[in-house]
1. Loop only per DSSP, at most 14 neighbouring Cβ atoms within 10 Å: give me the trypsin sites (Lys or Arg not before Pro) in region 31-72, ordered by residue number.
2. Determine the sum of side-chain charges near residue 411: Lys and Arg each +1, Asp and Glu each -1, restricted to other residues whose C-beta is under 13 angstrom from that of residue 411.
3. For region 182-195, take each phi angle, set θ = phi - 60°, evaluate the Karplus expression 6.51 cos²θ - 1.76 cosθ + 1.60, and give the result in whole Hz per residue in order, putting x for glycine and proline.
4. Normalised radius of gyration for the chain, please: alpha carbon Rg relative to 2.2 N^0.38 Å, two decimal places.
5. Under 5 Å between amide hydrogens, which residues at least 5 positions from residue 149 or on another chain qualify, with H placed 1.01 Å from N in the peptide plane?
6. If each DSSP helix of 4+ residues adds -39,500 (n - 2.57) and the sum is divided by the residues in the chain, what number results at 222 nm, nearest 500 deg cm²/dmol?
7. I'd like the FRET efficiency for residue 211 and residue 109, computed as 1/(1 + (r/R0)^6) with the beta carbon distance as r and R0 of 35 Å, rounded to 0.05.
8. For residue 357 paired with residue 201, estimate the spin-label separation in nm (one decimal), with each label point 7 Å from Cα along the Cα-to-Cβ line.
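What follows is calculated from the coordinates using simple rules that are stated; it is not laboratory data. Predicted model, so just to flag it, every value in this text is computed and none were measured. Quick reminder, even Gly has a Cβ in these numbers, built from the backbone with ideal geometry, and neighbours come from all protein chains shown.
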Amino acid sequence: MSADFGAPPESENIRSLVEERLKQVMADNGAKVTVDWRGEQRHLHVISMPVDMLYFNPDTHRIRAQRTLDLERNRILEEEPWSEAAQQYLHHLLTRKPSNPDQVDPDYTALKEELEDFGQKEPGITSPNGILVDGNTRCAALRDLGVKNIRVGVLPADTSRRDINAVELALQLRRDKRREYSYINRLIAVEDELASGRREEDVARDFNIKTTTLHQDRWVYQLIKDAIDRSVAGDGVALREVDFEDHQEKLRELYRDYTKLAKSNPDAAEQLKETRLAMVVLNYPKTSVRLAEADFHTRYLSERLPNDLRPAVQEGATVSIPGLPGVAVQDASPVVKTTRALTDSLLQASAKARAGEKIAPAAVAEADGLMKTARKTFDAAVKLAGQNAQLQKRQVVVTERLTDAADYVNQCAAEFAEARAKRALDEDAFDDALLTLRASLARLAKHAGRAFSSPGDGVAWLLEASQER
């Protein structure tokens, strides 16, 4: 969007009508709505305006990521935001599902049904010259329903573009019944706020998140942007921000695991990141993505890759540091480069497979075939990793059961002494419980005796203690 998107062409007529209706509601002491306005609360008078007279906000973060899906229509929106074509594009996007703009958003359908059954409950917000600050989606729904008017609170006469965006964001973050921003659009809103010069602490507070969560979301958004850049192939197509809309939890978990591992082993952290990013592109569920540890590629995947997915052999290298002549550091290790090369090929294949009519059908079919081959190969690797994880879990559980039992015995010893001192010990019940424990230890000893040919001290004690005498 340009630095100043200007005023709508009918702004003077709109402003005149707004002023006329404001005078009437002021005289009648009509309804008001409260907004955060330049650091304080402002009570705005509510008027009724024709829905066809108001303009959708070109800056709204509700559909920011989706705007670039159609480059030509987005270009018109950038250059002529108040034109009929641009406003129709905004109307269309406001009705679409954020993760799949080819489908109508079920939330939009529910909003239309609510408006049809009960009418408009909460007023929207507009600038004095007719730019909708809040209620863009409601206005689209009312237009689709054939309703002629919408109730809106009116911002002060000196409202700027910055004020419009600040009020929209503040209303969105109230966490009331408004339709929430999608995940990607929320990330974009955070970046826009920071780009305007605001401090991270202030932005985090406005978004009701911790500063650490803000850092996490910024890392994820940068990862998404890098993945999009890496997905560009010779055909010029690339992945889109909306293609990552449904992967919020996977990417957040990746951040946590990556940052933890990077402190001790940066190369392993890079392998982890690349493999999990590849699995996100292949649309694996979160439970499967978790199975991809740092050694997933070398341990389960590498030998199973078909030739059309097998990256070329990567060599280590050194890179010079700009501004420090003669100083060079080691580049990423060969195994990291190999893992990254595989992820690059999948990012590019995914972009082509989603390209539709933008590239030749043969190229789309080839990319789709590559993605299916990759999915089949990863399926086998995921199965093996899952089996290994289950084995490790069972190994850990066996030990944990014994340590839990030891804790209970220790607690029993303390309570035994207390019960005996108070003459509250049921000796017969205690004796019966010990016989049950002896039988349980005997069963455990039977299994342990078969498993260990050279038992250690602990197993030897168990075998001896459980022998019948």
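1. Numbers: sites: 32, 38, 42, 62, 64, 67; in loops: 38, 64.
Answer in residue order: 38.
2. Numbers: positive: none; negative: 404, 407, 415, 418.
Taking every Cβ under 13 Å from that of residue 411, the sum is -4.
3. Using θ = phi - 60°, the values come out as 5, 4, 5, 5, 5, 4, 5, 4, 4, 4, 5, 5, 5, 5 Hz.
4. Values: Rg = 31.5 Å, N = 469, 2.2 N^0.38 = 22.8 Å.
Rg over 2.2 N^0.38 Å, computed on Cα atoms: 1.38.
5. 51
6. Working: 16 runs with 262 residues, N = 469.
So the calculated ellipticity at 222 nm is -18500 deg cm²/dmol.
7. Details: r = 37 Å, r/R0 = 1.06.
Efficiency computed from Cβ-Cβ geometry: 0.40.
8. 5.4 nm
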